[in-house]
Amino acid sequence: MANESVSPDHRIILDMVQPNASVLDLGCGTGELLYMLIREKSVRGQGIEIDEQAIYRCVEKGLNVIHGNLDSGLTDYMDQSFDYVILNQTLQQVRHLKTVLDDSLRVGKKVIVGFPNFAFLKARIQLSILGKAPVTESLPFTWYESPNLHFLSISDFLSYCGNSGITVERREFLNERGRVNILPNLLAQSGIFLISTSK
Amino acid sequence: MVSQKGIGIVATQYATFTPPGGFILESGEKLNSVTLAYETYGRLNQEKTNAILITHALTGDAHAAGYHKGSKKPGWWDEMIGPGRAFDTEKYFVICSNVLGGCKGSTGPCSTNPENDKPYALDFPIISVGDMVNCQALLIDNFGIEKLLTVAGGSMGGMQVLAWLINHPDRIRSAIPISTALKHSPQQIAFNEVGRQAIMADPHWKSGNYYGFPLPARGLSVARMVGHITYMSDTSMTRKFGRTRKQETQPLKFTPGYEVEGYLQYHGENFVKRFDANSYLYITKAIDDFDPAGQRPLGELFKGVNAKIMVIAFKSDWLYPAYQAQEIVRACKMRGLETTYCEVDSTYGHDAFLLEIEEQTCLVKHFLKKVFNGYSVLEQNGE
């Protein structure tokens with residue numbers, strides 16, 4: 001659990017979160033990110049996770065975590081009850097993506113979304129030239145094992161935000177070598193966005 | 001895994017309280033004095049910040065851990081309580097209290113009514129889960145403990161945990177309700193009613209006035225048999241008994257031919273030796289009537305609560321199904337309480353909270369460590 005092992009996407013999210021904030025991590029897995037947020041940013045953290053074994057790993061780290069379905073996980077929280085709701089690598093796996101995103105923006109003052117970019121160059125080549133469902137570092141699953149229900153690109157997400165009145169406050173793009181600064185929809189394996197409603 | 005060395009020899013103790021004006025029940029009635037049976041394990045620290053209250057299920061008692069002198073059977077949650085165990089008696093001071101209305105040393109319908117020096121029987125007032133915990137609060141006062149580190153218990157014990165949260169929110173730092181519900185469903189009430197009717201249909205019951213006479217043993221035994229069925233699951237029964245027949249029986253004569261029949265009869269008959277039929281009536285009524293939210297919106301239930309909460313449920317528990325635990329979690333979410341919930345995979349049914357030790361140990365141990373030490377646990381890099 002040492003600092004040096006922090007993954008690049010977690011490092012970006014750590015930079016996005018203000019100290020002492022309250023954070024809800026939807027699909028927190030074994031709790032690495034929440035753990036880092038508490039240690040480095042002194043946040044008040046709450047996780048929601050569907051996998052029972054991951055729950056034990058979270059509890060061992062001293063985290064608050066609720067065993068449950070991500071699609072209904074946000075329903076009972078009051079409006080704006082967290083400073084941040086984090087959906088890192090989970091949005092593409094929920095059944096009702098739009099509902100979850102809307103609810104995240106209701107429950108969180110800000111929402112951090114990270115997802116694999118389906119339009120990454122390598123994925124495009126596999127699909128268009130080889131004619132195969134893409135398998136990349138950020139989309140590591142074969143078609144018959146993938147938990148992903150939605151396949152979206154960085155462009156898809158940005159235009160969705162634009163059409164839905166969602167403000168994109170920060171955007172960061174990553175590939176296996178680090179941050180991507182040009183042509184992210186082509187060159188980035190994943191995107192991380194800090195969004196809020198501009199109402 | 002459960003550490004080898006347990007708590008050793010323990011003894012039940014008794015505390016009697018005579019509050020000025022009597023002990024007022026939630027019904028408005030009062031008892032001039034109330035006695036609680038309890039046991040303690042471990043040592044209370046100087047600051048009195050390491051005390052844990054364990055609450056028991058319907059037919060449990062104060063003997064949660066260790067052995068009574070001369071007995072080969074440990075307390076009902078022995079694998080969870082002791083040095084190095086989930087409720088680590090090297091760190092924490094553990095109190096397990098019997099309930100008001102019970103028959104294991106606490107004031108209940110079989111206690112002597114000071115007004116006529118006879119057992120109360122049905123003159124004993126109706127008691128509630130809230131009364132049980134209000135009585136326990138007197139016990140906690142007695143130890144000079146202002147705030148409990150946690151209250152933990154399964155089934156009816158879990159209801160007491162919830163009642164602690166609601167009646168005494170300032171006196172607990174955390175709560176661990178296990179295999180429990182905010183209120184009984186009609187199905188749960190129905191099973192309890194069958195048990196009560198079995199007792200009351202027994203001619204020996206005599207409207208509760210059986211003390212000094214033959215006990216309503218058949219009725220109470222049938223009530224316990226019904227209970228046992230609801231504590232297990234289809235899978236656990238199949239694994240335990242299958243369709244195996246006991247040897248040397250004549251299956252055509254309605255003797256207990258199948259293993260499962262023998263098991264239920266054995267446990268039913270044994271139960272009569274250790275439990276009072278009237279207590280069974282009073283306590284099952286108390287848990288059927290438990291409904292702290294009532295008509296109020298769920299979001300108001302935990303108003304004023306600031307405790308960290310860990311809710312535990314088990315997959316095959318059909319008596320207290322996971323949806324009921326999730327309702328507790330929903331109430332926590334509505335108030336933004338720091339909440340942990342785990343639905344443990346188990347085939348044991350409702351009995352799982354007594355049997356699934358490894359998972360519960362992992363959950364409880366780390367949860368308590370965090371509550372006791374705060375987030376500094378995280379900085380120490382855990383274990």
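Taking label points 7 Å from Cα along the Cα-to-Cβ direction, B:Gln197 and A:Val168 give a separation of 6.6 nm. Cβ crowding within 10 Å, taken as a proxy for footprinting-reagent exposure, orders B:Ser111, B:Ser71 from fewest neighbours to most as B:Ser71, B:Ser111.
Radius of gyration (Cα atoms) of chain A, expressed as a multiple of 2.2 N^0.38 Å: 0.99. Counting neighbouring beta carbons within 10 Å and listing from fewest to most, the residues A:Ser7, B:Ser97 come out as A:Ser7, B:Ser97. Note on B:Lys365: lysines with a C-alpha under 24 Å away, same-chain residues under 8 apart excluded, are A:Lys61, B:Lys5, B:Lys48, B:Lys91, B:Lys147, B:Lys308, B:Lys315, B:Lys333. Amide H contacts for A:Phe115 (H built 1.01 Å from N in the peptide plane; partners 5 or more residues away or on another chain; cut-off under 5 Å): A:Gln89, A:Gly191. Straight-line cross-link reach from B:Lys118 at under 16 Å between alpha-carbon atoms covers these lysines, not counting any fewer than eight positions away in the same chain: B:Lys206.
What the Kirkwood sum gives for region A:112-199 is a hydrodynamic radius of 13.6 Å, with every pair of different alpha carbons counted. The label point for B:Asp170 and the one for B:Arg239, both projected 7 Å from the Cα toward the Cβ, are 4.7 nm apart. For B:Thr89, the residues whose amide H sits under 5 Å from its own are B:Gly82, B:Gly84, ignoring neighbours fewer than 5 places away on the same chain, with H placed 1.01 Å from N.
Convex hull volume of the Cα atoms of the protein assembly as shown, normalised per residue: 189 Å³.
Put simply, the Cα atoms of region B:1-153 extend 49, 35, 20 Å along their principal axes, the longest span coming first. Applied to region A:24-35, the Karplus parametrisation 6.51 cos²θ - 1.76 cosθ + 1.60 on θ = phi - 60° returns per-residue 3J(HN,Hα) values of 10, 9, 8, x, 7, x, 8, x, 4, 5, 4, 4 Hz, with x for Gly and Pro. Determine the distance separating the Cα centre of region A:129-179 from the Cα centre of region B:154-231; give it in Å without decimals. Result: 54 Å between the Cα centres.
Counting only DSSP beta bridges with both residues in chain B, the antiparallel share comes to about 35 percent. Only DSSP H runs of four or more residues enter the estimate; each adds -39500 (n - 2.57), and after division by the residues of chain B the mean residue ellipticity at 222 nm equals -10500 deg cm²/dmol.
Its Cα gyration tensor gives region B:188-286 an equivalent ellipsoid; the semi-axes, largest first and in whole Å, are 27, 17, 10.
The mean sequence separation of alpha-carbon pairs under 8 Å and at least six residues apart, normalised by the residue count of region B:220-315, gives a relative contact order of 28 percent. Geometric descriptor of region B:222-359, per residue, is 153 Å³ (volume of the convex hull of the Cα atoms). From least to most packed, judged by other beta carbons within 10 angstrom and beginning with the fewest, B:Trp164, B:Trp77, B:Trp205 follow the order B:Trp205, B:Trp77, B:Trp164. Per-residue Karplus couplings for region B:112-129, computed as 6.51 cos²θ - 1.76 cosθ + 1.60 with θ equal to phi - 60°, are listed in order as 7, 6, x, 6, 9, 6, 10, x, 4, 6, 7, 6, 5, x, 4, 10, 10, 4 Hz, Gly and Pro entered as x.
Our coupling estimate for region A:137-154, obtained by passing each phi through the Karplus curve with A = 6.51, B = -1.76, C = 1.60 and θ = phi - 60°, is 4, 8, 10, x, 9, 5, 4, 8, 10, 5, x, 6, 9, 10, 10, 10, 9, 4 Hz, Gly and Pro reported as x. A Förster radius of 56 Å, combined with the Cβ-Cβ distance separating A:Ser196 from B:Thr49, puts the computed FRET efficiency at roughly 0.85. Considering only the Cα atoms of region A:63-177, their convex hull presents on average a projected area of 8.7 nm².
In whole angstrom, region B:119-255 maps to an equivalent ellipsoid with semi-axes of 36, 23, 13, each derived as √(5λ) from the alpha carbon gyration tensor and ordered largest first. A Gaussian network model of chain B, with springs between Cα atoms under 10 Å, assigns the largest mean-square fluctuation among B:Ile127, B:Ile283, B:Ile229 to B:Ile229. The aspartates and glutamates whose alpha-carbon is closer than 14 Å to the alpha-carbon of B:Lys240, local same-chain residues fewer than 8 away aside, are B:Glu259, B:Glu261, B:Asp351. Only alpha carbons enter this Debye calculation for chain B, each as an equal point scatterer, and the log10 of I(q)/I(0) it gives at q = 0.13 Å⁻¹ is -1.11.
Throughout, read-outs are computed from the coordinates displayed, never taken from laboratory work. The structure displayed is predicted, hence computed values, not measured ones. Using ideal geometry, Cβ is built from the backbone for each residue, glycine included, and neighbour counts are taken over all protein chains shown.
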